[in-house]
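As structure tokens, the structure follows; a few thoughts come after it.
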Amino acid sequence: MKTNNNILILFSAAIILMSCTFNTSNKQDNDKANISKSLDTISIKAESIIEQKVINSASEILGKKEVPILCYHRIEDGRNDIYSVSPAIFASHLQILADSGYNSVLPNELYDYLVHNAALPDKPFMISFDDSRTEHYTIAAPELEKRNFRGAFFIMTVTNNKKNYLTNDEIAELSDRGHSIGLHSWDHVMATQYSDSTIWEKQVYAPKKKLEDMIGKPIEYWAYPNGVYNKEAAEELDKHFKMSFILLAKRDSVYPLQTIRRIIVPSDSPQRLLRRIDSTYN
């Protein structure tokens with residue numbers, strides 16, 4: 001209400017000034033120039049007020065409806081564990097999401113929704129990938145793009161350019177193709193073990209800088225190794241990342257943006273995936 005009143009006052013002033021111009025047609029040109037300059041100033045101030053964003057508190061962020069966030073690791077045949085799905089199952093998951101009207105969002109869109117009340121598309125979800133596997137580039141990204149989806153890829157930088165893992169060029173290309181690049185630590189040591197500045201430098205600060213140099217963009221999002229956090233880690237990460245992602249643990253009441261929940265997706269049927277989303281997030 002205060003913002004609307006400010007805008008009304010500014011535009012009322014503008015109307016008065018404009019009225020003055022009509023009643024002073026015989027004044028000097030420099031008087032008109034001064035009035036025009038005043039109108040420009042009012043217009044700029046009004047635009048500034050309109051552009052001011054809402055900034056939600058921690059409790060307001062916690063009160064917002066959660067967006068489903070899926071977490072994948074390996075996409076390959078011949079494995080049978082919670083961290084793996086076959087390429088065929090992965091494609092079937094994406095297809096049922098697309099057929100059911102889901103729309104993918106990226107971390108920056110999720111952040112703007114949580115913090116600034118920005119609108120999201122109907123049935124939003126986020127899809128993320130941990131551990132920098134090469135199939136994220138060769139299988140996941142093309143399958144996503146077929147359906148006009150985009151994903152968040154969390155990079156464990158110790159693996160860069162190694163066999164079966166993403167290369168620097170592939171990471172940069174994923175970013176250029178509209179996907180989001182985030183950090184998943186240097187070598188997967190859990191954040192609860194970051195006991196001094198040397199470990200923070202090795203696991204977070206140096207890898208973050210490396211990725212930023214690689215893609216030419218800020219790295220603003222973090223995925224906790226094993227999804228595990230404590231308040232001390234959340235507090236420090238809050239200084240360096242807009243959001244950090246856990247698994248299905250309780251969110252922190254002070255740092256909700258540093259404890260965004262995800263679900264690991266095992267080799268479920270497409271129908272079961274939809275049921276898991278409903279039961280977890282609704």
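The values are calculated or read from the model by the stated rules, or taken from the named source; none is laboratory data. Since the model is a prediction, treat every value here as computed from it, not as a measurement. Positions of Cβ are generated from backbone atoms using ideal geometry, with glycine treated the same way; all protein chains shown enter the neighbour counts. Surface accessibility is based on the protein's heavy atoms, side chains included, excluding ligands, DNA and RNA. Shrake-Rupley method; radii C 1.70, N 1.55, O 1.52, S 1.80 Å.
For this structure, a couple of remarks:
- Principal axis box of the stretch 47-131, alpha-carbon based, largest edge first, Å: 57, 26, 21
- Hydrodynamic radius (Kirkwood) for the stretch 194-282, which is based on Cα pairs only, to one decimal in Å: 14.6
- The residues packed around LYS250, meaning those with a beta-carbon under 15 Å from its beta-carbon, carry a net charge of +2 if Lys and Arg are +1 and Asp and Glu are -1.
- Solvent-accessible surface of protein heavy atoms, probed at 1.4 angstrom with all chains present, puts TYR137, TYR194 in the order TYR137, TYR194, largest first.
- C-alpha center-to-center spacing [the stretch 125-168, the stretch 86-121] in angstrom: 16
- Dividing the radius of gyration of the alpha carbons in the stretch 187-230 by their Kirkwood radius gives 0.98 for Rg/Rh.
- At q = 0.09, 0.12, 0.17 Å⁻¹ the log10 of I(q)/I(0) for the stretch 125-244 amounts to -0.23, -0.40, -0.80, computed by Debye summation with a single uniform scatterer per C-alpha, solvent ignored.
- Out-of-range pairs (alpha-carbon distance over 23 Å; input LYS64/LYS217; LYS64/LYS242; LYS53/LYS242): LYS64/LYS217
- Computed from phi, the 3J(HN,Hα) profile of the stretch 263-271 under the Karplus parametrisation 6.51, -1.76, 1.60 (θ = phi - 60°) reads 10, 6, 9, x, 7, 7, 5, x, 5 Hz, with x in place of Gly and Pro.
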